[in-house]
Structure formats: C-alpha cells, structure tokens
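S.K.: One structure, pasted below without further comment.
No value in this document is a laboratory result; all are computed from the given coordinates. These numbers were taken from a predicted model, which means no experiment stands behind them. Using ideal geometry, Cβ is built from the backbone for each residue, glycine included, and neighbour counts are taken over all protein chains shown.
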C-alpha cells in the first residue's frame, strides 16, 4: 500500500469510524442518529451565522494544531500547547490594554507579545530536553498548570484589582472585523482566520523549503543520524519547541484579541490546546492537513451546541466522537491492517 | 494555636488530599513499570469519579453507610474496563501510548458527561449524602502525641492508600510476578526469551493501573468534590503522574511524593489560617508541586529515569 494513500486513507477512515460509533451510541441511548447529525450539520453550516462561528472556532485550532504538528515533526510531543496558549492570550491582552498606539504598530506588537510569551513557555521544556534529556511530555504538562495558576494570579492581582477579567483590549489591538460581522449576521468571526491561514503557509514553507526545516525534520527521523551528519541536534530541539510555542501563543492571541477581546480567570483549561493534539494527529502533522482537520473539529464543536436544541442529543456526544477519532488514528496500525485485508480480498 | 494543633491540621488535610493521588500514582507505577506510558490516568480518575458518584446516588438507600466503599468497587471495575481500551490500542495495535492515553482522557470526559446529561438531564449530579468523612480512628487515636497527629481526624481511604503503597512495593519488588512485570518494562526481549509473556504481563499491569486509577477517582469524588461535573477532576490525574515520576517510579516514592503534593495542595487551602504561611501568595503554593516536579526531573533532586522500555510497543522478533 503506498504511503500517500495510507496518509489520506487513515484519517478519512478514522473520521468515518468515529462518526459511525457516534451514531451507534446515539441509537443505543435511544436518540435518532439521523436527527442528531442533521442538527450537528445545521449548527455548523446551517446559515451564515453558524458558518462564521465554525470558522471562528477553527482559527485557534489551526494555531494549536500547527504548534503540536511542528514539534511532532522534530520528534517532540508538545502537550504544553494549552499552557503556551494561555500565556500568549494574557500577553496579547496585556499589551492590548496597556498601550495607546496606532493600529499598524499596536496589533502587531500585541501579536508579537503573544508569540514571545508562548515561545518562552516552549523554550523551557525544549531546553530541558536538549540539555538534560528530561522528557518533554512531563515538563509540558507541568508547564500547563504553572501557566494556568500564574496567568490567573496575574489577571487577579497585577493587571486588575481583584477582578475576574481584564478590561477589553483597545480598538487598535483588536482583531474584530466589521466586514465579517456584517456578512455573517454578527457572529464572532474575526480577522484572525487570515492570520491562521498565513501561518499555516509559513509553517509549510519553513518545514519543506528551508534548510532549517530540513534539519528539524531530519532530527525528527533520527537524532543520531542527524548528529552524525553534522547537525546541531540540541539547537534544533530547542528551536522546534520555541517555534511551536510561538504558534501556540498566537493561538492564544486569537482568543484574547479576537473572540473574547479580554483575558479572564480560568478555573480549568480552555481545552483548545488539547484539541490541538487531535487536530495535528488527524491532519497527519502537515500544514494543509491541520487546516482541514481544524475545519472539521471547529464544525464538530460549534455544531454540537445545536444538537441538544434540535435533536435532544447531549452535545457531549461530540467529545466522544472526537475521542474515538483520535483513538482510531492512534491505532492506525489496525486501520492499515484492515485496509490491506480489503485490498487482498479484491484481488 | 499551639504547634501540635497546627501540625495536626496540616497532616490531616495533607493526607486527606493525598489519598486519591496515592492510589492513582500507584496505578501509574504498575503501568509504567511494565513499559506502558499511561497519560490516561486523568481519564481513569474521571470515569472512576463518575461511576462512584452515580453508584452512590443510586444505591445510597440500599447500602447505607457502606455505600462509599461499595461504590469504590464499582469505580475500580469501570476504571479497569476503560484501561483495557488503552491496553488494546497501545499493546496490541501498537498505537503511540501517549496519544492513546490522550484519547482515553477525552473519551472518559465525553462519556461521563454524556451519561450525566442522559441520566440526570443536567450538567452536574446532586451532592452525595454518604461520603468519606474525617474520623478519629478508635484506640489508635488515644496514643499520646502520635495518635493526635496522625490517627485523629483522618479519612479511612488515606490509611488504605498508605497500606496499599507498601503492598505494591512488596508485590513489585519481592514477588516473582513483580520481577516479571519489571523485566517486561526494562527489557521485554530478554523477558520474552526467558518465557515471560510480555503481552499478558503488560495487559495485567495496565488493568491494575485502571483499577487503581478508578479507585483514586472514586475516593476523590466521594471525599472531596462530593458530586460530579466537568470540573470534578481537573488535573488530579496529571498530578498523580507527576507524583509517580517525582517518586522515581517506585511505589513508596510515589506515595511520598503524593503526600507532599497533598501537603502543597492543602497548604494553599488551609495556609491562610496558619500563622507563618498566611503572607505567602497562594499562587506560589499552587504552582509548587509542578515546579518541584520539573526541578526533580532536571536532576536537581536526584536523577529520575523511566523504565527503559517505557513507551515502546514490543514487537516480537524486532531488535
């Protein structure tokens, strides 16, 4: 079976299996799966408002997915996207609230702050991995919690005076788009979607067309071989985590400058960073795959909200479907085996 | 407040918070010692917490005061069942163990919230009436000083957890079963050559981690949160994972680390009422367990090395 074929077949089959399993769960629990999925579809693409919401939800997913995928290509598993996203969110809003600048400077500066904060949060696990061979999975998990508590502390005690949220960011730092508001019936879609697509292209370019990208991928394939070929493996590991963290930080800026327009206390994680893992996996860790997968997950998440209203199915069903999709992608060995079985029978 | 009272408050609330972490961290030790990374501990705790609460609410009138204990058995079984899914994916289908663990976390949360909506038609359950309370242990609490420090105002699960840590240590390090389990995690090919069934050992280990993870979640839900919602288990599983690493993949180490994390957690709650701690901002106490884990991993507090084969599926015949 060709690699290209299985690269496309595995995610498609996984999504189908996930949806079928979801339908079976609905049947067993006494709901009508056709009504359920119809409500899901209407809630995601039914009219321009829902379409706008879907694209808005897709935006941070692109960044989170790219962040996970980028690290993955260097052989690193960045579970810390959630934390990097939170610090990026706060940094963007902080700059957005604190300064009075013309838009051409203020907005880029806010985005830069978010990227820098995320990069810093990615640098620490990258450095520890490169220098001390500490497993990045554990460090990034720990960094998530540190980010959660530190950002909450800063929002409560430093940026505001014991309030639950910061002020709204200044108009000059906002990503809000009057154009999108008018064409999508006042959905919360904002200009960040352009940025997401641009960053996806940048990631594709870095990875596929530059020496740096070649080295990063090479380290992902084999650290020893790369070392032998004269590449600086440690530098590449740190760099990969820094770039990954910067992507994640920008994802936070999308929420802070676009969707919500402020930063607020989080009692738990936003979930976007963890969903990013699913997005990256489903997208095969490639830029175009991540964009498509974010569209799917954005649609699932937004459409889910309509399920209880139109069909009575609890929206948590979608979480189960997403979990199963990840599960099937992870067990791609099984799917490849099944596919090769089918092929044999055809012959 | 005299020192003894302060100490007794700290010890009792530390152990109270630590009990669920100890159970779950022990589960992690079993799984990782056999060579299977279990990021899914969080999910196992979620499903355990959910099962325990639903069981407790449903059968409180049948079992009366024994309900929490019976509910724990149910939580363990469901946790074990869920962990088998992780086992199938990561052992039989050779899935990336971390990814499969992440899927378990998503799945547990999705399934339990879906069922809560279906069963109760709202986002969270009612508060249970039969729960684990802090009690004075008869006889033992009458011992001077120690009785007051350790055996009074304590919850039974905490004592069971500590005892279980010693049992786990014995099983892992003093029995043939434990030797085989550790061998499978260090060098599966060597173990296979010696006639140890690698797949079977790993399945058993992951199943045990599921039982213990479910138990941890059940204890947490029935002693601390007392109901179940999306916010019941937020990170306790990862905390247990951290305790396991902090404890260097050793049952007693994991127990010690879990108690320490319980201590740090309880300080952030009771700290404001203790004289010399009230001035420290809560954020430092909140992030302390995580920062310390990173420092421990970085080697500042002694090196921590994972079992050698941890994270790699065993494929017969491959070198």
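S.K.: What do you get for the angle between helix B:251-270 and the principal long axis of chain B? Use alpha-carbon atoms, 0 to 90 degrees, nearest ten.
M.R.: That helix lies at roughly 40 degrees to the long axis.
S.K.: Turning to a different aspect of this structure: Give me the angle, in degrees from 0 to 90, between the Cα long axis of helix B:67-87 and the longest principal axis of the Cα atoms of chain B, rounded to the nearest 10.
M.R.: Helix B:67-87 sits roughly 30 degrees off the main axis of chain B.
S.K.: Okay, moving on. Do you know the relative contact order of the range A:72-151, to the nearest whole percent, from alpha carbon pairs under 8 angstrom that are 6+ apart?
M.R.: Across the range A:72-151, relative contact order equals 45 percent.
S.K.: Given a Förster radius of 25 Å and the C-beta distance between residue B:3 and residue B:136 as r, what FRET efficiency does 1/(1 + (r/R0)^6) yield to the nearest 0.05?
M.R.: After rounding to 0.05, the efficiency reads 0.80.
S.K.: Okay, moving on. Would you mind checking the tilt of helix B:236-246 against the longest principal axis of the Cα atoms of chain B, expressed as 0 to 90 degrees and rounded to 10?
M.R.: Roughly 70 degrees, rounded to the nearest 10.
S.K.: Let me ask you something else. Which of these, A:333, A:50, A:31, has the largest mean-square fluctuation under a Gaussian network model of chain A (Cα springs below 10 Å)?
M.R.: The residue that fluctuates most here is A:333.
S.K.: Here's something else I'd like to know. Rounded, prolate or oblate: pick one for the protein assembly as shown, where a ≥ b ≥ c are the square roots of the eigenvalues of its C-alpha gyration tensor, a/c under 1.5 means rounded, and failing that, prolate if a/b is larger than b/c, else oblate.
M.R.: Rounded is the answer for the protein assembly as shown, as its axis ratio a/c remains below 1.5.
S.K.: Given the DSSP H assignment, sum -39500 (n - 2.57) over each helix run of at least 4 residues in the protein assembly as shown and divide by its residue total; what's the result at 222 nm in deg cm²/dmol, nearest 500?
M.R.: -23000 deg cm²/dmol
S.K.: For chain A, what relative contact order do you get, as a whole percent, if you take Cα pairs closer than 8 Å and at least 6 residues apart?
M.R.: 36
S.K.: Given contacts defined as C-alpha pairs under 8 Å and at least six residues apart, what's the relative contact order of the range B:3-297, whole-number percent?
M.R.: 38
S.K.: Quantify how strongly other chains surround peptide B:289-295 by giving the mean number of their Cβ atoms within 10 Å of each of its Cβ atoms.
M.R.: Across the residues of B:289-295, the mean count of other-chain Cβ atoms within 10 Å is 5.
S.K.: OK, next. With chain B treated as a Gaussian network of Cα nodes joined by springs under 10 Å, which of B:45, B:194, B:239 yields the largest mean-square fluctuation?
M.R.: B:194
S.K.: Right, next: Given a Förster distance of 35 Å, report the FRET efficiency between residue A:229 and residue A:16 from their Cβ-Cβ distance, rounded to the nearest 0.05.
M.R.: Calculated transfer efficiency: 0.30.
S.K.: Another question, then. Sort all Cα-Cα distances of chain B into consecutive 10 angstrom bins from zero, then give the percent of pairs in each bin up to the one containing the longest distance.
M.R.: Once binned at 10 Å, the Cα pair distances of chain B give 7, 26, 33, 23, 9, 2, 0.
S.K.: Once you place label points 7 Å from the Cα toward the Cβ at residue A:197 and residue B:179, how far apart are they in nm?
M.R.: According to this spin-label approximation, the distance is 6.5 nm.
S.K.: Something else: In whole angstrom, and with the biggest value first, how far do the Cα coordinates of the range A:170-237 range along each principal axis?
M.R.: Extents along the principal axes: 57, 23, 16 Å.
S.K.: Please compute, for peptide B:112-124, the average count of beta-carbon atoms on other protein chains lying within 10 Å of each residue's beta-carbon.
M.R.: That works out to 3 on average.
S.K.: Need one word for the range B:85-230: rounded, prolate or oblate. Basis is the Cα gyration tensor (sqrt eigenvalues a ≥ b ≥ c); a/c below 1.5 gives rounded, then a/b vs b/c decides.
M.R.: oblate
S.K.: Spin-label point model (7 Å from Cα, Cβ direction): what's the residue B:187 to residue B:119 distance in nm?
M.R.: Spacing of the two 7 Å Cα→Cβ label points: 4.8 nm.
S.K.: Highest mean first, what order results for A:193-202, A:290-299 on Cβ atoms within 10 Å?
M.R.: Ranked from most to least packed, the peptides come out as A:290-299, A:193-202.
S.K.: Taking each residue in A:306-319, count the Cβ atoms of any other chain within 10 Å of its Cβ, then average. What number comes out?
M.R.: 3
S.K.: What order do you get for B:240-253, B:172-185, A:220-233 when each peptide is scored by the mean count of other beta carbon atoms within 10 Å, highest first?
M.R.: B:240-253, B:172-185, A:220-233
S.K.: Which one of A:270, A:311, A:29 has the biggest mean-square fluctuation once chain A is modelled by GNM with Cα springs under 10 Å?
M.R.: A:29
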